[in-house]
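Novice: Have a look at the structure that comes next, please.
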Amino acid sequence: MPKVIALTGKSGVGKDTMAKMLYLFYGYRRYAFADQLRRMALDINPLILVNDTTGDQYHLAEIVEALGWNDAKRIFPEIRELLRNLGEAAKTHIGPNVWVNSVINAIRLSEKAVVSDVRFWPEVSALRKVSCQMTLVRLTRSGVEDDQPDPEFSPDITFSLDPYPLGNMRQAADDLVAMVEEHHRRLAAGQPGDVLAYHTNNSNTAA
């Protein structure tokens with residue numbers, strides 16, 4: 001049964017960066033529910049209007065290569081709308097779980113997996129079914145806001161990235177893995193509780 005860390009949080013909070021750290025230093029395979037959707041959008045590769053005054057247009061792939069997906073969606077709302085429309089069309093014509101199933105089937109073959117873009121309850125439910133060792137982690141960072149509504153589920157762990165500068169995300173990954181392990185140790189012992197407080201107290205004692 002795979003160990004799964006599912007990351008949720010505001011756009012730009014650091015979910016992708018955390019997933020990269022877990023992959024590089026802990027061997028977690030990286031997945032995202034939006035991966036297949038983004039590949040589909042790049043295959044279509046439509047022209048995106050980038051300047052209303054001059055009428056300049058660039059293909060989606062050029063914009064994503066230059067800016068990355070997060071900045072591309074932030075600067076050009078048309079791209080976010082494109083992904084939303086493609087995603088909904090696939091759910092309508094292929095099936096409501098088309099994007100979830102593609103990730104779940106891959107995770108079943110993994111020993112450890114991190115999913116970097118959990119937003120909806122059906123995604124959480126599917127991940128819980130594939131692994132009883134799934135930990136839902138909400139990442140937070142002061143000053144990070146977006147226009148997305150708060151998710152309709154509660155995390156197992158809320159992990160603040162405020163103490164970690166962007167250049168020290170390796171330490172953040174180390175601390176998160178320790179918290180996840182403590183969370184499951186407590187569940188196995190029938191001792192659910194505030195794993196964040198436990199970890200903070202232990203870190204202060206060690207220091």
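Where a number appears in this text, it was derived from the coordinates with a stated rule and is not lab data. Everything quoted here is computed from the prediction, not taken from an experiment. Cβ sites come from the backbone with ideal geometry, for glycine too, and all protein chains shown count toward neighbours.
Novice: Using the Karplus curve 6.51 cos²θ - 1.76 cosθ + 1.60 with θ = phi - 60°, work out ³J(HN,Hα) for each residue of the stretch 58-71 in order, rounded to whole Hz, and write x for Gly and Pro.
Specialist: So the Karplus estimates, Gly and Pro as x, are 9, 5, 3, 4, 5, 5, 5, 4, 7, 10, x, 5, 4, 5 Hz.
Novice: Quick one: if you stick a label point 7 Å off each Cα along the C-beta vector at residue 74 and residue 154, how many nm between them?
Specialist: 3.1
Novice: Okay, next question. Given R₀ = 30 Å, what would the calculated FRET efficiency be for residue 59 paired with residue 11, taking r from the Cβ atoms and rounding to 0.05?
Specialist: 0.80
Novice: Using 0.36 nm per residue, how much length does the chain from residue 108 to residue 51 gain when fully extended, once their Cα-Cα distance is taken away?
Specialist: 16.1 nm
Novice: Oh, and also: According to the square roots a ≥ b ≥ c of the eigenvalues of the Cα gyration tensor, what is the shape class of the stretch 53-142, taking rounded for a/c under 1.5, prolate for a/b larger than b/c otherwise, and oblate for the remainder? Don't skip to the end; give the middle numbers.
Specialist: Numbers: a/c = 2.46, a/b = 1.75, b/c = 1.40.
Prolate shape, in that a/c is at least 1.5 and a/b is the bigger ratio.
Novice: Among residues other than residue 1 whose Cβ falls under 14 Å from its Cβ, what is the net charge (Lys/Arg +1, Asp/Glu -1)?
Specialist: Counting the neighbours of residue 1, the net charge comes to +4.
Novice: Let me ask something additional. Treating only the Cβ atoms of Lys and Arg (+1) and Asp and Glu (-1) as charged, compute the dipole magnitude of the stretch 5-149 about its Cα centre; round to the nearest 20 debye.
Specialist: It works out to roughly 900 debye.
Novice: Each residue of the stretch 124-141 in turn: what ³J(HN,Hα) in whole Hz from Karplus with 6.51, -1.76, 1.60 and θ = phi - 60°, glycine and Pro shown as x?
Specialist: So the Karplus estimates, Gly and Pro as x, are 4, 4, 5, 5, 5, 6, 7, 7, 6, 9, 8, 10, 8, 10, 9, 8, 10, 8 Hz.
Novice: Counting residues in the chain as N, plug N into 2.2 N^0.38 Å and put the Cα Rg over that result.
Specialist: Compared with the compact-globule rule of thumb, the chain sits at 1.11.
Novice: Calculate the spin-label point distance for residue 140 paired with residue 66, positioning each point 7 Å from the Cα along the beta-carbon direction, and give it in nanometres.
Specialist: 3.7
Novice: Sticking with this structure for a sec: Based on DSSP H runs of at least 4 residues, each adding -39500 (n - 2.57), what is the mean residue ellipticity at 222 nm of the chain after dividing by all its residues, to the nearest 500 deg cm²/dmol?
Specialist: -16500 deg cm²/dmol
Novice: Using a 7 Å offset from the Cα along the Cα-to-Cβ direction at both residue 174 and residue 92, what is the distance between the two label points in nm, to one decimal?
Specialist: Inter-label distance under the simple model: 5.1 nm.
Novice: Oh, and also: Can you put 1, 40, 18 in order, fewest other beta carbons within 10 Å first?
Specialist: The fewest-first ordering by Cβ neighbours comes to 1, 40, 18.
Novice: By the scheme Lys and Arg +1, Asp and Glu -1, what is the net charge of all other residues having a beta-carbon under 12 Å from that of residue 97? All intermediate terms of the calculation are to be shown ahead of the outcome.
Specialist: On the way: positive: 91, 129; negative: 123.
So the surrounding residues net to +1.
Novice: Something else about it: Could you give the semi-axes, largest first, of the ellipsoid that matches the stretch 35-93, computed as the square roots of 5 times the alpha carbon gyration tensor eigenvalues and rounded to whole Å?
Specialist: Numbers: eigenvalues 83, 29, 21 Å².
Whole-Å semi-axes of the equivalent ellipsoid: 20, 12, 10.
Novice: Taking the number of other C-beta atoms within 10 Å as the exposure measure, put 93, 184 in order starting with the fewest. Walk me through the numbers before you get to the answer.
Specialist: Numbers: 93 8, 184 16.
Placing the least packed residue first, the sequence is 93, 184.
Novice: Under 5 Å between amide hydrogens, which residues at least 5 positions from residue 158 or on another chain qualify, with H placed 1.01 Å from N in the peptide plane?
Specialist: 138
Novice: Taking only the alpha carbons of the stretch 83-191, what extent do you get along each of the three principal axes, in Å, biggest first?
Specialist: Each principal axis gives a Cα extent; for the stretch 83-191 these are 44, 36, 24 Å.
Novice: Hey, can you grab everything whose amide H is under 5 Å from the amide H of residue 57? Only 5+ residues off in sequence or another chain; H modelled, so Pro and N-termini drop out.
Specialist: Answer set, sorted by chain and number: 50.
Novice: Under 5 Å between amide hydrogens, which residues at least 5 positions from residue 29 or on another chain qualify, with H placed 1.01 Å from N in the peptide plane?
Specialist: Here the answer is 112, 113, 114, since their amide H atoms fall under 5 Å of that of residue 29.
Novice: Also, quick follow-up: Starting at the first residue of the stretch 34-39, write each ³J(HN,Hα) from the Karplus equation 6.51 cos²θ - 1.76 cosθ + 1.60 with θ = phi - 60°, in whole Hz, x for Gly and Pro.
Specialist: After applying 6.51 cos²θ - 1.76 cosθ + 1.60, I find 8, 4, 5, 4, 5, 4 Hz.
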